[in-house]
Amino acid sequence: MQKFPMTAPGLQRLEDELRMLKSTERPAVIRAIAEARTHGDLSENAEYHAARERQSFIEGRIAELEEIVSAVEVIDPAALSGDNIKFGAHVRLLDEETEKEATYQIVGVHEADIKASRLSISSPLAKALIGKKVGDTISVPAPGGDRTYEILALRFG
């Protein structure tokens, strides 16, 4: 079985979602299906079909989350150190074209959220950063042409 690297907070978010789906969403959709069935002919009952579709989504997501959670390998970034960028690192970058700074944490595929500055380890930017040091410059292919970044800072934890 393939293991997925993940931080403890990332695993907690997935477990919270799984718990919410099982304890709240699943019972709610079952009630919605039961209610829709009381409205008569199921072949033309839009509420019934919408509830069944929602149930299918919920059950699929539960199965997906259970599979991911069972294959997670939790890595504590606070226990890591060194001069090279690796999983769990918080990296501050300078976009050399726009002169804007941004800080990202390199996290597992299933916990990535660019709006929260959590960068998937499988993303082109993270792949370019792995193994590099503060002061290095990297080039990353982007739709509008290659982007160049300078690594300004690195921290773990």
Boolean, G10 is crowded, with 17+ Cβ neighbours inside 10 Å, under 25 Å from L154 (Cα atoms) and out of contact with any Leu (no Cβ under 8 Å at 6 or more places or on another chain): yes
Residue in segment 16-32 that is touching a helix residue (DSSP H, G or I) at 6+ places or on another chain (Cβ under 6 Å) and either loosely packed, with under 13 Cβ neighbours inside 10 Å or in contact (Cβ under 8 Å) with a residue 40 or more places away in the chain (or both) present: yes
Single residue of segment 35-56 satisfying the filter (surrounded by 11 or more Cβ atoms within 10 Å (Cβ to Cβ) and small (G, A, S)) that is modelled with the highest pLDDT: S56
Enumeration of residues in segment 105-139 that are surrounded by fewer than 17 Cβ atoms within 10 Å (Cβ to Cβ), among the β-branched types (V, I, T) and within 23 Å of the chain's Cα centre (by Cα): V109, I114, I130
Residues of segment 118-157 satisfying the condition of being small (G, A, S) and closer than 25 Å to P9 by Cα: S120, S122, S123, A126, A128, G131, A153, G157
S81 being on the phi < 0 side of the Ramachandran plot, outside the structural domain of R31 (by TED's automatic domain parsing), in contact (Cβ under 8 Å) with a residue 60 or more places away in the chain and part of a loop (DSSP other than H, G, I, E, B): yes
Number of the condition not met by L93 [criteria: (1) under 15 Å from the mean Cα position of the chain (by Cα); (2) surrounded by 17 or more Cβ atoms within 10 Å (Cβ to Cβ); (3) of a type outside the set (S, T, Y)]: (1)
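The values are calculated or read from the model by the stated rules, or taken from the named source; none is laboratory data. Everything numeric in this text was worked out from a predicted model, so none of it was measured. Cβ coordinates were reconstructed from backbone atoms using ideal geometry, including for glycine residues, and neighbour counts include every protein chain displayed.
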